[in-house]
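Chemist: Let me begin by handing over the structure; questions about it come next.
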Amino acid sequence: MSELVYGIVTGILFGFFLQRGKVLRYDKQIGALRLLDMTIVKFMFTAILVGTVGIYLLTDLGLAKLSVKSTILGATIGGGLLFGIGWGLLGYCPGTAIGAIGEGRWDGVWGVLGMLVGGALYAEAYPWMKQSLLIWGDLGKITLPGVLHVNHWVVIPVFILAGAGLFLFFEKKNL
């Protein structure tokens, strides 16, 4: 039950920050797709960095268990293309489409309907896909620290510094 409560609380907080960061706005989404407004990139990279530090810290303290999934190129490339096409056509990613509806912008409903139809089509295609696309290019459970044969706390600060440099670059270019 506590996992459900944690999920609800973190979901509400994430939604709050999405709204406060103005990343639910259509113009910000299109600006990101056109590489003219990096607000969404900065927001998501910050979330990824905070999540990375939090997950590895909790794992190291024995408070969480990290479960690395297999890297499967077919599934990753196929899913990424589908996600990108949907985002480009709609102007929202799945999370921001729901957030836009929460703000009263009904254009996000098309994204939710698309997710439902896509989920149904995926369920129908799954028996075929699990024998083809979902196993093509299975590289196993890999991580960057594992590939480099270093502790994750060697890689994480490098990414934090790279993120800070990227943010400074975006700010200097007024993106």
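Chemist: If you roll a 1.4 Å probe over segment 16-156 with all protein chains in place, what percent of the accessible area is carbon or sulfur? Intermediate values should be presented prior to the final figure.
Modeler: Working: 6650 of 9250 Å².
Heavy-atom surface of segment 16-156 belonging to carbon and sulfur, 1.4 Å probe: 72 percent.
Chemist: From the backbone phi of segment 57-67, what are the Karplus-calculated ³J(HN,Hα) couplings (6.51 cos²θ - 1.76 cosθ + 1.60, θ = phi - 60°) in whole Hz, Gly and Pro given as x?
Modeler: With the stated coefficients, segment 57-67 comes to 5, 5, 5, 5, 7, x, 9, 8, 10, 8, 10 Hz.
Chemist: Work out the P(r) tail for the chain: percent of alpha carbon pairs separated by more than 21 Å, whole number. All intermediate terms of the calculation are to be shown ahead of the outcome.
Modeler: Values: 9609 of 15225 pairs.
In whole percent, the share of Cα-Cα pairs in the chain beyond 21 Å is 63.
Chemist: Using 20 Å as the cut-off for backbone N distance, which residues of segment 72-86 belong to the label zone defined by a point 7 Å from the Cα of L33 along Cα→Cβ?
Modeler: 77-86
Chemist: Now a separate question. I need the phi-derived Karplus couplings for segment 23-36: 6.51 cos²θ - 1.76 cosθ + 1.60, θ = phi - 60°, integer Hz, Gly and Pro marked x.
Modeler: 7, 7, 7, 4, 5, 5, 4, 5, x, 5, 5, 8, 6, 10
Chemist: Can I ask one more? When N counts the residues of segment 68-142, how does its alpha-carbon radius of gyration compare numerically with 2.2 N^0.38 Å, as a ratio? Display every interim value, and only then the final one.
Modeler: On the way: Rg = 14.7 Å, N = 75, 2.2 N^0.38 = 11.3 Å.
The value comes to 1.29.
Chemist: Next question. With label points built 7 Å along Cα→Cβ from the Cα atoms of V5 and L144, find their separation and express it in nm.
Modeler: Distance between label points: 3.5 nm.
Chemist: Restricting to lysines 8 or more places apart or on different chains, can you count the pairs in segment 29-175 with Cα atoms under 22 Å from each other? Let's see the in-between values first.
Modeler: Numbers: K42/K172; K42/K173; K65/K141; K69/K130; K69/K141; K130/K141.
Going through segment 29-175 pair by pair, I get 6.
Chemist: Tell me the per residue accessible area of the chain using a 1.4 Å probe; a whole number in Å² is fine.
Modeler: Numbers: 12160 Å² over 175 residues.
Accessible surface, normalised per residue, equals 69 Å².
Chemist: If you take the charge dipole of segment 68-142 about its Cα centre, with +1 on Lys and Arg Cβ and -1 on Asp and Glu Cβ, which of I135, W87, G111 is farthest toward its positive end?
Modeler: I135
Chemist: How high is the FRET efficiency between L57 and A162 when r is their beta carbon distance and R₀ equals 30 Å, given to the nearest 0.05?
Modeler: On the way: r = 19 Å, r/R0 = 0.64.
Step by step, r from the Cβ atoms, then E = 0.95.
Chemist: Follow-up question, since we're still on this one. Highest mean first, what order results for 27-33, 134-140 on Cβ atoms within 10 Å?
Modeler: 27-33, 134-140
Chemist: Under the rule of at least 5 residues apart or a separate chain, name every residue whose amide H is placed under 5 Å from the amide H of I72.
Modeler: L139
The values are calculated or read from the model by the stated rules, or taken from the named source; none is laboratory data. Owing to the predicted nature of the structure, the values given are computational and were not obtained by experimental measurement. Positions of Cβ are backbone-derived with ideal geometry, glycine not excepted, and every protein chain shown enters the neighbour counts. Just so you know, the surface numbers come from the protein's heavy atoms only, side chains and all, with ligands and any DNA or RNA stripped out. Shrake-Rupley method; radii C 1.70, N 1.55, O 1.52, S 1.80 Å.
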